[in-house]
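Participant: Dumping the structure here so I can ask a few things about it.
Just so you know, all these numbers are worked out from the coordinates, no wet-lab data involved. Note that this is a predicted model, so its numbers are computed, not measured. Note that we place each Cβ from the backbone using ideal geometry, even for glycine, and neighbour counts take in every protein chain shown.
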Amino acid sequence: MTSLPPIPAHLPAWQARHLAWLASRGEPTRYAVPDGTVAERADLTGAVLNRADLRWANLTGADLTGARLYRADLTGAVLTGARLTDAVLRGANLSGADLTRADLYCADLTEANLTKANLTEADLYRADLDFATGIASIGPVGRDCRTIHAVAHDDGPRIQAGLWWGTVDDTIEHIKDSYDDDHAERDRYVAAVRAVAALVSP
């Protein structure tokens with residue numbers, strides 16, 4: 001199979017790798033990247049993508065460590081397993097985005113819109129959610145001193161706590177099963193879930 005033309009070497013390394021990845025549609029690429037590596041996933045480390053239109057983009061597994069996505073539109077974007085450590089997502093629109101297993105450690109989500117986002121197993125430790133919409137937080141709660149997040153969805157809030165993600169009713173049932181030996185702590189946990197869910201309910 002004939003190789004495709006090389007990507008110009010003058011491009012920044014992150015852009016060249018990303019273009020190679022885009023050209024391959026997520027498969028191992030035939031493009032020659034300036035540093036000689038094979039770009040199998042989007043490498044956007046430190047990229048400046050302020051106000052970028054990334055609606056419905058497939059960024060599965062992308063490395064966006066330290067990327068600047070100020071007011072970027074990520075509506076419906078697939079960010080499953082993406083690394084967003086220290087990323088600046090201030091004012092970004094993440095409505096309906098799939099952030100399953102995304103690493104958002106220390107990410108700046110100030111004023112971001114997370115309505116209907118999927119946060120299954122997402123790491124929000126030390127993420128800044130000040131003035132974010134579609135999400136509310138409370139904590140520490142429970143034996144593990146978890147922070148509980150509630151995300152607004154059309155059919156009712158979803159609760160994220162550690163690796164747990166589910167409806168309010170399913171969350172309460174899970175708590176009752178887990179705290180069967182400590183009713184006082186169970187009742188405090190359930191009350192916290194209901195309180196944070198109410199903050200994102202119509």
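Participant: So what is the relative contact order of region 114-202, in percent, for Cα pairs below 8 Å that sit 6 or more residues apart?
Facilitator: Working: 139 pairs, mean separation 26.0, N = 89.
Computed over region 114-202, the figure is 29 percent.
Participant: Give me the one-decimal Kirkwood hydrodynamic radius in Å for region 124-189, with the sum taken over alpha-carbon pairs.
Facilitator: Values: mean 1/r = 0.0794 Å⁻¹.
About 12.6 Å, per the Kirkwood formula over Cα pairs.
Participant: Which residues does the label zone of THR133 cover in region 148-169, counting backbone N under 16 Å from a point 7 Å along Cα→Cβ?
Facilitator: Of the residues in region 148-169, 151-154 have backbone N under 16 Å from the label point off THR133.
Participant: What list of ³J(HN,Hα) values in whole Hz, one per residue of region 64-71 in order, does the Karplus curve 6.51 cos²θ - 1.76 cosθ + 1.60 (θ = phi - 60°) give from phi, with Gly and Pro shown as x?
Facilitator: 10, 4, x, 5, 9, 10, 4, 6
Participant: Once phi is turned into ³J(HN,Hα) by the Karplus curve 6.51 cos²θ - 1.76 cosθ + 1.60 with θ = phi - 60°, what whole-Hz value does each residue of region 72-85 show in order, with x for glycine and proline?
Facilitator: So the Karplus estimates, Gly and Pro as x, are 5, 9, 10, 3, x, 5, 9, 10, 4, x, 6, 9, 10, 4 Hz.
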